[in-house]
Each structure stands twice: as structure tokens, then as C-alpha cells.
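FYI, it's all coordinate maths here, none of it is from the lab. Keep in mind that what you see is a predicted model, and the values were worked out from it rather than measured. Glycine gets a Cβ as well: all are built from the backbone with ideal geometry, and neighbour counts include every protein chain shown.
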Amino acid sequence: MKPYENMHVLLLKGGNGSEREVSLYTATECAKAIKQIGCKITEVDIAETNISSLTKVNADICFNALHGDYGEDGSIQGLLNLLEMPYTHSGVATSSIAMNKVNFKRIITDATKFSNDPIYFPKTLQIKNNGEFFEVDYNGRFVVKPIKGGSSVGVNIIKKGNKIPYINELNKKQLMAEIFVGSKELSVTVLKENPLCVTEITTLNDKEFYNYKAKYDKNGSSHKIPADIPKVIYKKALSWALKAHQIIGCRGISRTDFRYDVNSEKLYMLELNTQPGMTKTSLSPEQAAYCGINMNDMIKILLEEANYEC
């Protein structure tokens, strides 16, 4: 790899999806660090340029600061593979698996169910669409969310009954539903095969769960490091995060989210994010800092791990 001061980095950001704003925030913080370590940088918002123009950017490496559709589902990774341009974060298959919560859940469950430490997820519920509302065959609280996507966009907790409002935000998406589990929200970042720590997330302003506003609003949530959970559960969360990271073949970085039920002392995995946010309120940079890794060092690690798939 070239010395950082001689490296030209193409930073991809933006896009037209529901996570555009988050991507731009991530890109702002990452661009600062990329410049501070001495790299030349070309920033490209894929919503404001012809994607074919990327072939004309004579960059050494691509830093993928995209979130959601195209940037996180394997699409842009496939293009970069064709261009033989090394890029940060995970490749095509890994990104596609992690982006689809149902597929990810099936793969991790099947891969670990006969092991000494199987990974558990909340039970999946079948959704019926009768044209006026969605419903599930379950009387307790449950969560309904898009199968694809992140940043808690479109996630709703249904408190009473089994009817889900038939609104455009949900109607336009493929949905999944799961039983609402646990009382503590946890998260673990894995950086270069190393699970960093467990963060316990408490939402503020009477928010039900770690939703979009809680994630990205200033003072939207409180992050406790290390999480106030039993040591055995703490170690299990670290172990499960690394195991999931390795099973689907993540590269560079991932962040895995969990729910912990204090009463039953059970841990549940929710999903894995191959493009964790790097904003001022994001969990991964905060966890890295707790472990003595500053933002510039995180960026160096991601650049060092960059590659393309033949």
C-alpha cells in the first residue's frame, strides 16, 4: 500500500435512499480523518453524478461511506470489483446477506444451531396483508420492520392487538415481524477481527427504542460503556458479534445489535451492519475511542483492509 501522503482516496457518499442524510454525516467525519492522515481525497455523491464517471477517477482506493440501498447491499461493491479498485468494508455477497435481515437470520441460525453456543434471534412472525391493514397471529408486542435497510428507518413497535396500520411507508417495503424481546439494547463493533466492547443504549425523550432520532439527534440517546450486564452475557455478546462477522465474511468493520432480557437472562441477536455509521453520535467510533483507537486510526485500519474481489 502506498504511504498515506501519496494515496488518492475516492470517497463515495449520499445516494437517493432513505439513509442519504446519515451517509452524508458519515462522509463528513470520515473525510476529515482521511485528510488528516495525509491522503488526497475526491468526494463523489452518487446521487449527483453519472455512476459511469467513476471509471475516470484515477484513485488508489475507494472509501465507501454509503449507507442503505446500492452502497450497502452489494451493488456498488460489484461495480468496484469490475473496476478492480480496492474498497473499504465488506464485499458483494457479505453485504447482500447482511442487508437482508431474513437471510442473515437464517444463515447465522443454521451455522450455529449445532454448536456449543448457538446464536438466538427473536421469533419471526408471519405477516398477512388484507389490503386495509397488516396483521400477525400473535397477541403480544411485536416489531415490524423493512427486511432491507438500516438506521431503524420504518421500524415500528406494535403495542396492542395484531393490526398494523396500512401506511405508505410500510406498504412500499418488504416487511418482516418479530416478537418484541428484551429490556436492554446492546451493540458490539468488530474492527479487524477484534470485538471492541459492549455498549448499552438508553433512549431519551421517552422514545420506545433506538430509532432514527435516537441514533442521530444530539442527546437522542445515552451510551453506557461498558454495558451494565452480567459478565457472562458481556462475553457472549462479544463472541456472537465476532462469530457472525466471520460466518458471513465481513471485512474491516461490522456492528452487531442485540437485545438482552434481564428477567430470563437471555441474549438475542437482531442484525449485523456492514456499514456502521461514523457520525458524531455513532456507536462504532465511540467504542473504538473507549478502546484507545481514535478516528484517524480507525480510518487507517479500514484503508489497510481495503480490497476488491476477483
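A few comments on the model shown:
- Percentage relative contact order, the chain, counting C-alpha pairs under 8 Å, at least six apart: 20
- For segment 1-73: rounded, prolate or oblate by the Cα gyration tensor [a/c cutoff 1.5]: oblate
- Distance between segment 101-148 and segment 243-310 - C-alpha centres, whole angstrom: 22
- Residue 139 versus residue 28: modelled label distance in nm, points set 7 Å from Cα along the beta carbon direction: 4.9
- Between residue 21 and residue 262, the distance separating the two model label sites (each 7 Å from Cα on the Cα→Cβ line) works out to 3.2 nm.
- Extension reserve of the residue 290-residue 57 stretch, reckoned as 0.36 nm per residue once the Cα distance is removed: 80.3 nm
- With K and R counted +1 and D and E -1, the other residues having a Cβ less than 14 Å from that of residue 36 yield a net charge of +1.
- Expected 222 nm ellipticity per residue - DSSP helices of 4 or more, -39500 (n - 2.57), all of the chain, to 500: -8500 deg cm²/dmol
- Counting Lys and Arg as +1 and Asp and Glu as -1 over every other residue whose Cβ lies under 13 Å from the Cβ of residue 112, the net charge comes to +3.
- Net charge over other residues, Cβ less than 14 angstrom from the Cβ of residue 191 (K, R count +1; D, E count -1): -1
- In nm, spacing of pseudo-spin labels at residue 50 and residue 246 (7 Å Cα→C-beta vector): 4.6
- Cross-link pairs exceeding 31 Å between alpha carbons, from the set 101/192; 13/235; 101/280; 13/105; 105/224; 40/243: 13/235; 40/243.
- Placing +1 on the Cβ of every Lys and Arg and -1 on the Cβ of every Asp and Glu, with nothing else charged, gives the chain a dipole about its Cα centre of roughly 600 debye.
- Look at the alpha carbon pairs under 8 Å that are at least 6 residues apart: their mean separation over the length of segment 4-89 gives a relative contact order of 39 percent.
- When 88, 94, 49 are arranged by Cβ crowding within 10 Å, least crowded first, meaning fewest neighbours, the order is 49, 94, 88.
- Residues residue 107 and residue 5, FRET efficiency given R0 of 41 Å [Cβ-Cβ distance, rounded to 0.05]: 0.50
- Full-stretch length increase - residue 183, residue 42 - with 0.36 nm per residue and alpha-carbon distance subtracted: 46.4 nm
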